[in-house]
Amino acid sequence: MGKASPGPTPGFLVWRLAGKWRVAVDRAVAPLGLTHAQYVLVASLHGMQCSGERPSQRRLADRTGLEALYVSKLARALETTGQIERTRDPRDPRAVQLALTEQGEAVARQAIAAVQQLLQQLLEPLGGLDAPRTRAFADELTTLLDVPLTPSVPNDESTQGTTP
């Protein structure tokens, strides 16, 4: 076993922060009829549409980091509530394009505003959304997100005695 850490591991802190954020966003967007995952989808779709894009489910999955199958499931649920429309891509009949409806745009704008308020609260100890410490924090998170991770094999001798 390695030396005892004087405090929580970075992995534990990332897990705690991710959970805290997920719960807070779920609570903020629930009055709009959204879950956190649905929020990620509509907010990302909103941003892409504002840039003139009408993305495929695959492109949206790549953008959000969600699995394509999960994006498909979320898109179907949002389609039944009238917030997005799913259409076949005329260039590729296997692909499905997504777009927010008028109702979906309105919900997306409200949800984005609610989550922006949460983000401001979360980042206040670092000086707020536009503070140098916040930018440095975002840079560090981006660095970590860019690291490819390969799961180790259970009972592999090289992972014995290590903790997450």
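Tabulated results
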quantity	calculated
Solvent-accessible area, 1.4 Å probe, carbon plus sulfur percent, for the chain	57 percent
Distant-in-sequence amide H partners of ALA95 (H built 1.01 Å from N, under 5 Å)	ASP89
By accessible area with a 1.4 Å probe, ligands and nucleic acids excluded, highest first: order of TYR39, TYR70	TYR70, TYR39
Prolate/oblate/rounded call for region 1-92, Cα gyration tensor, a/c under 1.5 rounded	prolate
Charge-dipole axis of the chain as Lys and Arg at +1 and Asp and Glu at -1 on Cβ define it, positive-most pick from VAL115, PRO10, LEU129	VAL115
Centre separation in Å (Cα based) which lies between region 114-143 and region 6-55	14 Å
Whole-Hz ³J(HN,Hα) from phi, Karplus 6.51 cos²θ - 1.76 cosθ + 1.60, for region 123-140, glycine and proline x	8, 3, x, 8, x, x, 4, 9, 6, x, 5, 5, 5, 5, 4, 4, 4, 5
For region 50-60, 3J(HN,Hα) per residue [Karplus equation, 6.51 cos²θ - 1.76 cosθ + 1.60, θ = phi - 60°, Hz, x = Gly/Pro]	5, 8, x, 9, 10, x, 7, 4, 4, 4, 5
Amide H contacts under 5 Å for LEU66, placed H, 5+ residues apart	none
Vicinal HN-Hα couplings computed from phi for region 10-24 (Karplus, 6.51 cos²θ - 1.76 cosθ + 1.60; Hz; Gly/Pro x)	x, x, 5, 5, 4, 4, 5, 5, 4, x, 4, 5, 4, 5, 4
Surface accessible to a 1.4 Å probe, per residue, for the residues of the chain, Å²	69 Å²
Within region 1-138: Cβ-based charge dipole about Cα centre, in debye rounded to nearest 20 (Lys, Arg +1; Asp, Glu -1)	420 debye
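The values are calculated or read from the model by the stated rules, or taken from the named source; none is laboratory data. Please read all numbers here as calculations on a predicted model, not as lab measurements. Neighbour counts run over all protein chains shown; Cβ positions are idealised from the backbone, glycine included. Just so you know, the surface numbers come from the protein's heavy atoms only, side chains and all, with ligands and any DNA or RNA stripped out. Shrake-Rupley method; radii C 1.70, N 1.55, O 1.52, S 1.80 Å.
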